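The values are calculated or read from the model by the stated rules, or taken from the named source; none is laboratory data. This structure is a prediction, so every number in the text was calculated from the model and none was measured. Cβ atoms come from the backbone with ideal geometry, glycine included; neighbour counts cover every protein chain shown.
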Amino acid sequence: MSELRQDPTTREWVIIATERRRRPNEFGGDSANKKNALEKLGEYSADCPFCSGNEHFSPHEVDSFRTYGTAPNSKGWWIRVIPNKFAALSLNSEENLNAYEGIKSVNTDFTGYFFPRATEVFRTKPGIGTHEVVIDTPRHNETIPFFSDKQVQELFLMYRQRYLSLRNNSKFKYIIIFKNSGANAGTSIIHSHSQIIAAPVIPLSLRNNISQARFYYDEVGRCIFCDMIQAEIVDGRRIIMQTDDFIVFHPFASTSPFETWIMPLSHEPCFSNISMDKVKALGVIVKKILKGMYDALDDPDYNFVFNNPPIADEKEDYYHWSLRIIPRLTMKAGFEIGTGMSINTAIPEETAEFMRGFLKF
Ligand SMILES: [Zn+2]
Ligand SMILES: [Zn+2]
């Protein structure tokens, strides 16, 4: 029989479909074609805009870690941040902004009609924000599972540095750091990269998450995420790794197979508060988990996403940040689109046990 499970942090239900379930070892893809495909590529590709040596193909860099004395937009970097050429949001939206102000002033002209006018129903905002690309490595064929510890530490230090820089802009309400790896995860560019978007609005799913977490904090007086971590530790079956500072687990109400959450063990509302030592440790943990997935699931496409509170709430105790890794092993279908609920054909207790077998320390 299937089981409905509720995510304690969102109150969203997930269907764990035990009858349609696949065993953890049935999720690997056509490994012969895929695994090691990158190794056939060289370290450099002449037409890749992200490769070291091709800096002139990309917009002017916003930030970088590079050898002392080398100029921006030249070789010598190991992490480089550039504006997204096809930005979802940008700061150069003045025209857009003026157009919006125009609509607003028309709206204030009361007409006496009972029905709201279209401009009142269909609300818009100018697309003000930033959309940055972090080039994770100068080497075309290197992916995170095969980074040196140093390289992945520097990448996570850059995430922290960009967050701390962007949060100072009062136009931004929310910053999201994420990575799409592979065509099923939404990217066609092979060269390893991540993205950072600073947005002027707070996404609805986050608002729901916030209101649930706030409600729990007001009612119970504790952080729901801290309580969830304690419950995961007591149960133990879904934990795949634990260090002094972090816990890694497949959540009780996982929405898709091998969904993995990494959370600080001690209460921390926002990633922005993390120390440099801890962010380096986090980078190495993420690399280990991704290497485990590479081995266990034949180099799956995946997304990872930082879940943070809005910038204004980064010291509020109701929230507790996480980094979530979602391998793209299944597709969303009609039921998911129609209801927003997920059907998970894997059992988190089984996938966690399976993954533990692939983590080497
Ligand atoms: Zn490249
Ligand atoms: Zn907490």
In this structure, does SER181 turn out to be within 16 Å of ligand 1 (Cβ to nearest atom) and either free of Cβ contacts under 8 Å to residues at least 60 places away in the same chain or surrounded by 18 or more Cβ atoms within 10 Å (Cβ to Cβ) (or both)? yes
In segment 200-242, what count of residues is obtained for those that are in contact with a helix residue (DSSP H, G or I) (Cβ under 7 Å, 6 or more places away or on another chain), outside any helix (DSSP H, G or I) and of a type in the set (Val, Ile, Thr)? 2
Within segment 243-283, tally of residues that are of a type in the set (Val, Ile, Thr) and outside any strand (DSSP E or B): 4
Residues being within 16 Å of ligand 1 (Cβ to nearest atom), of a type in the set (Val, Ile, Thr) and in a helix (DSSP H, G or I): count how many of those fall in segment 139-178. 1
Right, PHE252: more than 18 Å from PHE358 (Cβ to Cβ), at pLDDT 95 or above, in the same structural domain as ASP7 (by TED's automatic domain parsing) and crowded, with 18+ Cβ neighbours inside 10 Å or not? yes
Does PRO145 qualify as being at pLDDT 95 or above and assigned by TED's automatic domain parsing to the domain that holds LEU164? yes
Would you confirm whether any residue within segment 156-171 is on the phi > 0 side of the Ramachandran plot, in contact (Cβ under 8 Å) with a residue 40 or more places away in the chain and surrounded by 15 or more Cβ atoms within 10 Å (Cβ to Cβ)? no
Search result, residues across segment 249-281 that are more than 20 Å from GLN151 (Cα to Cα), within 16 Å of ligand 2 (Cβ to nearest atom) and not charged (D, E, K, R): PHE249, PRO251, TRP261, MET263, PRO264, LEU265, SER266, HIS267, PRO269, CYS270, SER272, ASN273
